[in-house]
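Here is the structure we will look at.
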Amino acid sequence: MEVPALTTGNISLRPIDEKDIAALFSLFSHEKVVRFMDIERFVNVSEAVQLITFFRDKLTSGEGMRWAITTNGRDELIGTCGFHHINRTHYKMELGYDLLPAYWGKGIMTNSIHRLLQYGFEELQMNRIEAYVDPGNTLSSQLLQRLGFEQEGKVRQAFFQKGRFVDAFIYSLLQKDYKYDMQF
């Protein structure tokens with residue numbers, strides 16, 4: 001399995017590699033980016049190197065795929081998005097994403113995820129794509145709802161992160177409910 005380059009409008013999604021180390025460090029050292037994630041804020045560039053290795057290992061095992069989000073005309077990583085916990089037996093996978101705060105509210109993540117959903121349903125032939133969201137992360141919940149995801153409920157103490165148990169809303173989108181021609 002390999003991570004293909006994908007484009008939509010003025011957004012390009014491409015494989016993540018060593019040229020992204022500094023940008024990944026910048027992204028994940030930002031407190032607003034990691035606030036609702038299960039990782040601590042990066043404090044050393046070696047953590048970005050380890051993250052690239054992690055993404056490659058997940059790809060090699062068939063358990064995940066991650067893309068760098070870039071804007072057309074610039075190859076600099078401004079965020080990432082992708083799939084993890086890919087389960088081909090049950091035709092489902094989990095969606096994850098992050099973006100530098102300077103790019104929030106510009107439609108970049110909406111368009112990026114829309115393109116990923118198209119790839120997941122059309123190319124990978126998945127039936128279900130799901131996402132877990134911290135109840136305090138209203139922007140992420142709004143994004144998923146805008147893309148047609150349905151909130152299925154709250155999973156109590158779903159994750160142990162940053163020294164405490166946290167709840168999560170679970171959202172899903174089924175292939176039969178996905179609208180390929182959505183315009184944003």
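The values are calculated or read from the model by the stated rules, or taken from the named source; none is laboratory data. No experiment lies behind these values; they were computed from the predicted model shown. All Cβ positions, glycine included, derive from the backbone under ideal geometry; neighbour counts span all protein chains shown. Surface areas here come from the heavy atoms of the whole protein model, side chains and all, with no ligands, DNA or RNA. Shrake-Rupley method; radii C 1.70, N 1.55, O 1.52, S 1.80 Å.
Observations, loosely collected:
- Tail beyond 19 Å, pair distance distribution of region 1-135 (Cα, percent): 48 percent
- When a 1.4 Å probe is rolled over the protein heavy atoms, the share of accessible surface on the chain that falls to carbon and sulfur comes to 48 percent.
- Unit charges at the beta carbon, dipole of region 16-110: most positive-side option, Leu27, Gly96, Met37: Gly96
- Computed over region 103-184, the range of Cα coordinates on each principal axis works out to 40, 29, 17 Å, biggest value leading.
- Rounded to 5, percent antiparallel among DSSP beta bridges of region 1-159: 90 percent
- Modelled FRET efficiency - R0 45 Å, Phe159 with Asn10, Cβ distances, 0.05 increments: 0.85
- The count of lysine pairs in the chain whose Cα atoms are under 22 Å apart, excluding pairs fewer than 8 places apart on the same chain, comes to 9.
- Were the residues from Val45 through Ala102 laid out at 0.36 nm apart, the gain over their Cα-Cα distance would be 18.4 nm.
- Principal axis box of region 131-172, alpha-carbon based, largest edge first, Å: 32, 17, 11
- Peptides 24-32, 62-70, 4-12 ranked from most to least packed, by the mean per-residue count of other Cβ atoms within 10 Å: 62-70, 24-32, 4-12.
- In this simple spin-label model, placing a label point 7 Å from the Cα along the Cα-to-Cβ direction at both Asp38 and Gln175 gives a separation of 2.6 nm.
- Here the calculated FRET efficiency for Asn137 and Glu18, from their Cβ-Cβ distance with R0 = 35 Å, stands at 0.70, rounded to the nearest 0.05.
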